[in-house]
Amino acid sequence: MTTQATTTNTYRMGYSDAIIKFMDARGADTEAFPLLPLLQPTYKLLDLGCGPGSITVGFLPRVAAVTAVDVSGVSIDMTRRRINELEKAGTLSSADAAKIKYLQADILSGLPFESGSFDVVYASQVFVHLTGPGQAAEAMAEVRRILKPGGILATRDAAEALYYPRHLTLWDIWGSKMNRALLGHDAQYVADGRPGGPDMMPKLYREAGFDMNKTKVVSGLPWVFSGREGREWCVNNWTAKMDDASLLDKWTAAGVTREDKQVAKDALAGWLDNDDGYMMVTHCDIIGWK
């Protein structure tokens, strides 16, 4: 994330074909299903960090109005294009398509809404990227501000990546220094818990003033990458990041050496060729009430 709302491409994972294909496969039914039974036809919903809109579109038939917000103009353009194409194809009704508004904005700069504007805020994979000092708490306070009294915040953030077979120890190789460099976590990662991670999210809700008698961690679906195609997606994506010249400073700052990268590449190659290999990403899904 960035504090400059005018930045057009700040998504840390980039916009490669592999990333876009992965994000396109996500939908409200899988990513936001704990929230869906709580939605009402009269609700105004803000989708914070809407990405390419594959989840956003699933909210439209269920509520009165949706505001799609992202710090990236690229994401906003993709969401708008998705809605237009679905309407033209007849997959999305014109009435539902008319419910959406688009806004490129950075929550860390404040959102241009009056306090108490929304019944629901949904944020998928947003807080996990707010890694600077105080950023996650600042964003949580702003979300609470724009919620109506009794309003709902639903967040979903990646928690742990589990690699199997376990003896390949891919988490030890990829997930320590390399994952920290990619997501921008600092030395407090171990001491104080990862910002936006499973250690910190309930605390963020509590310290922001959400009703902790109602606010709960809920059961969400993991992401699973299995079979040759699933493993190839992971390996190709991660190898590209290790070879990305624009990330060199981040690797260096995190202490990732050329030798570290080669060890990781060798381990990934072995995992790719293991017919029993798969990866599962668990999530911290929380629903809170103001």
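The values are calculated or read from the model by the stated rules, or taken from the named source; none is laboratory data. What you see is a predicted model, and the numbers here were worked out from it, not measured in a lab. All Cβ positions, even for glycine, are placed from backbone atoms using ideal geometry, and neighbour counts span all protein chains on display.
Identify the residue in region 224-234 that is at pLDDT 90 or above and hydrophobic (A, V, I, L, M, F, W, C) and, among all such residues, is farthest from G151 (Cα to Cα). Can you show your working first?
So in region 224-234, the residues at pLDDT 90 or above come out as 224-232.
Next, only the ones that are hydrophobic (A, V, I, L, M, F, W, C) stay: 224-225.
Values: V224: 32, F225: 35 Å.
This residue is F225.
Which one is farthest from G288 (Cα to Cα) among residues in region 219-232 that are hydrophobic (A, V, I, L, M, F, W, C) and surrounded by 15 or more Cβ atoms within 10 Å (Cβ to Cβ)? Outline the logic, then answer.
If we filter region 219-232 for residues that are hydrophobic (A, V, I, L, M, F, W, C), which is where we start, we get 221, 223-225.
Now drop any that are not surrounded by 15 or more Cβ atoms within 10 Å (Cβ to Cβ), which leaves 223, 225.
Numbers: W223: 23, F225: 29 Å.
Per the criteria, the residue is F225.
Which condition number does I287 fail, the rest of (1) over 30 Å from S117 (Cβ atoms); (2) touching a Pro at 6+ places or on another chain (Cβ under 7 Å) being met?
Result: I287 fails condition (1) only.
Among the candidates G110, G151, single out the residue that is farther than 30 Å from R231 by Cα, buried (at least 18 other Cβ atoms within 10 Å of the Cβ), modelled with pLDDT of 95 or more and not hydrophobic (A, V, I, L, M, F, W, C).
Values: G110 fails: buried (at least 18 other Cβ atoms within 10 Å of the Cβ).
It is G151.
Of these, L103, L60, which one is in a helix (DSSP H, G or I) and either under 21 Å from the mean Cα position of the chain (by Cα) or farther than 21 Å from I287 by Cβ (or both)?
Answer to the selection: L60.
Out of the residues in region 157-180 that are touching a helix residue (DSSP H, G or I) at 6+ places or on another chain (Cβ under 6 Å) and either modelled with pLDDT under 70 or charged (D, E, K, R) (or both), which is farthest from G220 (Cα to Cα)?
Here the answer is L168.
If you scan region 182-222, which residues turn out to be modelled with pLDDT under 70 and not in a loop (DSSP other than H, G, I, E, B)?
Listed by number, the residues that qualify are L182, L183, Q188, Y189, V190, A191, D192.
Being buried (at least 20 other Cβ atoms within 10 Å of the Cβ), within 30 Å of P133 (Cβ to Cβ) and under 20 Å from the mean Cα position of the chain (by Cα) is the requirement here; does S75 meet it? Break it down into steps so the answer makes sense when it comes.
Details: buried (at least 20 other Cβ atoms within 10 Å of the Cβ): yes; within 30 Å of P133 (Cβ to Cβ): yes; under 20 Å from the mean Cα position of the chain (by Cα): yes.
Spelling it out, S75 is indeed buried (at least 20 other Cβ atoms within 10 Å of the Cβ), within 30 Å of P133 (Cβ to Cβ) and under 20 Å from the mean Cα position of the chain (by Cα).
Does any residue of region 31-46 turn out to be within 16 Å of the chain's Cα centre (by Cα), at pLDDT 95 or above and part of a strand (DSSP E or B)?
yes
Within region 273-283, is there a residue that is surrounded by 18 or more Cβ atoms within 10 Å (Cβ to Cβ), in contact with a Cys (Cβ under 7 Å, 6 or more places away or on another chain) and not in a helix (DSSP H, G or I)?
Checking region 273-283: at least one residue is surrounded by 18 or more Cβ atoms within 10 Å (Cβ to Cβ), in contact with a Cys (Cβ under 7 Å, 6 or more places away or on another chain) and not in a helix (DSSP H, G or I).
Can you find, within region 229-265, the residue that is nearest to A181 (Cα to Cα) among those that are among the polar types (S, T, N, Q) and without any contact (Cβ under 8 Å) to a residue 24 or more places away in the chain?
Out of the qualifying residues, it is T252.
Scan region 67-94 and report the pairs whose first residue is among the polar types (S, T, N, Q) and whose second residue is in a helix (DSSP H, G or I), with Cβ atoms within less than 7 Å and a gap of 6+ or a chain change.
Every condition considered, the pairs that remain are T79/T56; S94/E87.
Considering region 9-30 alone, what residues qualify as being at pLDDT below 65 and among the aromatic types (F, W, Y)?
Y11, Y15
When you scan region 115-160, how many residues do you find that are in a strand (DSSP E or B) and more than 25 Å from T56 (Cα to Cα)?
Qualifying residue count, region 115-160: 0.
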